[in-house]
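Quick notes on the structure that follows.
Values in this text are rule-based calculations from the coordinates and carry no lab data. Just so it is clear, the model here is predicted, and its values are computed rather than measured. Every residue, glycine among them, receives a Cβ derived from its backbone with ideal geometry; neighbour counts consider all protein chains shown.
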Amino acid sequence: MAKVMLRENGGEIYFYIAKKDMEETISKIEFNSDEKWGGEVELSNGEIWWIQPGVKDLPKEEVCKKLAD
């Protein structure tokens, strides 16, 4: 599990982990509506993470779980 900062800029959603100094964009997302946003996401580097689904309210800090490399 890692603390992740999520922010939106120019239609892209950025996924930033300060501890690793890693910033990637989200390329695929399981739930993508304003009321239910998150679930399984794939990053531009191929990693798959889990974001607890909830209301899309960016920017925000979330605790996320890495599922695969």
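Some points to look at:
- Positive-end extreme of charge dipole, the chain - chosen from VAL4, PRO59, ILE48 (charges on Cβ): VAL4
- Where labels lie 7 Å past Cα in the beta-carbon direction, separation of PHE31 and LEU67 in nm: 1.3 nm
- The chain: projected area of the alpha-carbon convex hull, averaged over directions, in nm²: 4.0 nm²
- Checking every one of the trypsin sites (Lys or Arg not before Pro) in region 5-54 against DSSP loop status and a limit of 10 other Cβ atoms within 10 Å picks out no site at all.
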